[in-house]
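Contents: one structure, followed by commentary.
The values are calculated or read from the model by the stated rules, or taken from the named source; none is laboratory data. Computed from a predicted model, the values in this text were never measured in an experiment. Every residue, glycine as well, gets a Cβ built from its backbone with ideal geometry; the counts of neighbours run over all protein chains shown. The accessibility values were calculated without ligands, DNA or RNA, using every heavy atom of the protein model including side chains. Shrake-Rupley method; radii C 1.70, N 1.55, O 1.52, S 1.80 Å.
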Amino acid sequence: PFHGEKSPSFHVEEAKGRFYCFGCQEKGNAIDFVMKMDRLSFPEAVEALSAEAGLQLPARSERAPQEEQARKGALDALEEAARHFERALRGPAGAAARAYLIGRGLPEEAWGRFRLGFAPEARDGLKQALEQRGIPVAAQIEAGLLIPPDDGRSPYDRFRDRVMFPIADARGRVIAFGGRAMAKVAQG
């Protein structure tokens, strides 16, 4: 169905719910098939298949747009934090972190590939840097980058004096951070 072919080259494994075309190597499941054939987005294909099967999809929450916006804001905050940490590693504050990485056998060429960074020892250095780049405090808190104290004081940076390792999802988006506290490195 995806190209002009006169010989039988399309195979469906109904039990496994997948297809394969030997002519063009297209493959996938029922949703992929509907998306390709009808040129639909993933949500549209799911809706079409559920309607055909007589199933009703759960209604979207009225809060869904706000939740989606909060998720996008958090992802933007995480990406900008990764950039901030990368710059800090290369700056004057990152000297001990650079020495630690080199001492651990991680050459400088690898730092960029893995997007390694450094969170300087500052109560609100990241917070201020991200605010200057237009990332609201609420998005920073949603992303887990800031800790809001219970006593109502201003939120403060979660990560301080750490070598930072960004964690990415399958799309390459930064979704979290791991870190190595430099104080523990100095103690041995």
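Which shape class, rounded, prolate or oblate, goes with region 1-146 when its Cα gyration tensor gives a ≥ b ≥ c as root eigenvalues, a/c under 1.5 marks rounded, and past that a/b bigger than b/c marks prolate?
Judged from the Cα gyration tensor, region 1-146 comes out oblate (a/c at least 1.5, b/c at or above a/b).
Tell me the per residue accessible area of the chain using a 1.4 Å probe; a whole number in Å² is fine.
On a per-residue basis, the chain sits at 66 Å².
Please report, as a whole percent, how much of the solvent-accessible surface of the chain comes from carbon and sulfur atoms (probe radius 1.4 Å).
On the chain, the fraction of accessible area on carbon and sulfur atoms equals 52 percent.
Apply the Karplus curve 6.51 cos²θ - 1.76 cosθ + 1.60, θ = phi - 60°, to the phi angles in region 151-159 and return the couplings in whole Hz, x for Gly and Pro.
7, x, 5, 5, x, 10, 4, 6, 9
If you fit an axis through the alpha-carbon atoms of helix 64-90 and take the longest principal axis of the Cα set of the chain, what angle between them do you get, 0 to 90°, nearest 10?
The two axes meet at around 50 degrees.
Return a single number: how many Lys pairs in the chain, at a sequence separation of 8 or more or on separate chains, have alpha-carbon atoms below 29 angstrom apart.
Total qualifying Lys-Lys pairs in the chain comes to 9.
In Å and on Cα atoms, what radius of gyration and Dmax does region 123-164 show?
9.9, 29
If you scale each eigenvalue of the Cα gyration tensor by 5 and take the root, what three semi-axes come out for region 1-86, rounded to whole angstrom and sorted largest first?
Its equivalent ellipsoid spans semi-axes of 36, 21, 10 Å.
Just order 109-120, 44-55 by mean Cβ neighbour count inside 10 Å, highest at the front, would you?
Highest-to-lowest ranking by the protection proxy: 109-120, 44-55.
Please list, ordered by chain and number, the residues whose modelled amide H lies under 5 Å from the amide H of A168; skip anything fewer than 5 residues away on the same chain.
Placed amide hydrogens put I175 under 5 Å from A168.
Can you give me the orientation-averaged projected area of the convex hull built on the Cα atoms of region 65-185, in nm²?
8.3 nm²
With angles folded into 0 to 90 degrees, how steeply does helix 42-53 sit against the dominant principal axis of the chain? Use alpha carbons for both and round to 10.
40 degrees
Divide by every residue of the chain the summed helix terms, -39500 (n - 2.57) for each DSSP H run of at least 4, and state the resulting mean residue ellipticity at 222 nm, rounded to the nearest 500 deg cm²/dmol.
Counting only the DSSP helices, I get -13500 deg cm²/dmol.
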